[in-house]
Amino acid sequence: MRQVLALALIAAVAPLFVAVAVPSASAKAPEPSIYPIAWQFDFKHGAPRRIVVDNTPYWYVTYTVTNNTGQEQEWRPEFTMMTNEGKLVKSDRDIEPGVFDKIKAIEGGRFLQPRLQVVGPLRQGPDQAKDSVAIWKEPQPRMGSFKIFIGGLSGEFVILKDDNGNEKKGPDGLPVILHKTLQLDYQVIGDERNPQTHDLQELGQKWVMR
């Protein structure tokens, strides 16, 4: 009788264990190596700024990228803004030519170049550094907090694998590859009361795999 009751108890409880999935250690999101394992550019950036050109608001970030890796590398930047609602906006899409001209006049940098003029081989040394700017159309009237992801700064990457060690595939059938990416975090001060403000607080920055 006791054996029958024990079997019945096991049968009743077993589905509970089947329904609960505990993530394995391998399911943890990959993180960049704490030690250098690939080339990496030196990167300096300005704070995001807001401008209005022909009644259209834009945000932009100026930067200088320098190759001190020991050999020539390709500079293929990817600047992506993430809004507080999770919307992803790539830089330099549908930007009128006059916007760059106004930014250059504001910044007063005679070496500032448009994106298309800095993409490509980046030679060694500070005298070969590139000064450019990433530009976005303002994605929403109240920015609140937002993030900027900068890819192309490092050669470090990882191919995602499942618990069985098999490569994960994307919708296109190709392996899912994450690259070492710089993440910048910002908060627009007073934006909830005055959407025209663009005073910023930098919340921090870190390297992520994305």
Within the under-12-Å Cβ sphere about Gly155, not counting Gly155, Lys/Arg +1 and Asp/Glu -1 give a net charge of 0
Modelled label-to-label distance, Ala105 and Lys168, 7 Å Cα→beta-carbon offset: nm?
4.7 nm
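Test of the criteria: in the stretch 82-184, which GluC sites (Glu not before Pro) are in a DSSP loop and have at most 14 other Cβ atoms within 10 angstrom of their Cβ?
Passing sites in the stretch 82-184 are Glu85.
How much of the accessible area of the stretch 73-210, probe 1.4 Å, is carbon plus sulfur, in whole percent?
48 percent
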Sites matching chymotrypsin sites (Phe, Trp or Tyr not before Pro) across the stretch 88-140 that sit in DSSP coil, with at most 10 neighbouring C-beta atoms within 10 Å:
Phe111
What relative contact order, as a whole-number percentage, does the stretch 65-210 give when Cα pairs under 8 Å and 6 or more residues apart are counted?
24 percent
Note, the stretch 36-49: 3J(HN,Hα) by Karplus (6.51, -1.76, 1.60, θ = phi - 60°), whole Hz, Gly/Pro = x, goes x, 10, 7, 5, 8, 6, 7, 9, 10, 9, x, 6, x, 10
For Lys169, list the aspartates and glutamates whose Cα falls under 12 Å from its own Cα; do not include residues on the same chain fewer than 8 positions away.
none
Give the accessible surface of the stretch 125-210 per residue, rounded to a whole number of Å², with probe radius 1.4 Å and ligands, DNA and RNA excluded.
54 Å²
Short version: ³J(HN,Hα) in whole Hz for each residue of the stretch 81-96, in order, from phi by Karplus 6.51 cos²θ - 1.76 cosθ + 1.60 (θ = phi - 60°), x for Gly and Pro, what are they?
9, 10, 6, 5, 9, x, 6, 9, 10, 7, 6, 6, 10, 6, 9, 5
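The values are calculated or read from the model by the stated rules, or taken from the named source; none is laboratory data. On a predicted model such as this, the values are computed, not experimentally measured, just so you know. Note that we place each Cβ from the backbone using ideal geometry, even for glycine, and neighbour counts take in every protein chain shown. We work out accessible area using only protein heavy atoms, side chains counted, and drop any ligands, DNA or RNA first. Shrake-Rupley method; radii C 1.70, N 1.55, O 1.52, S 1.80 Å.
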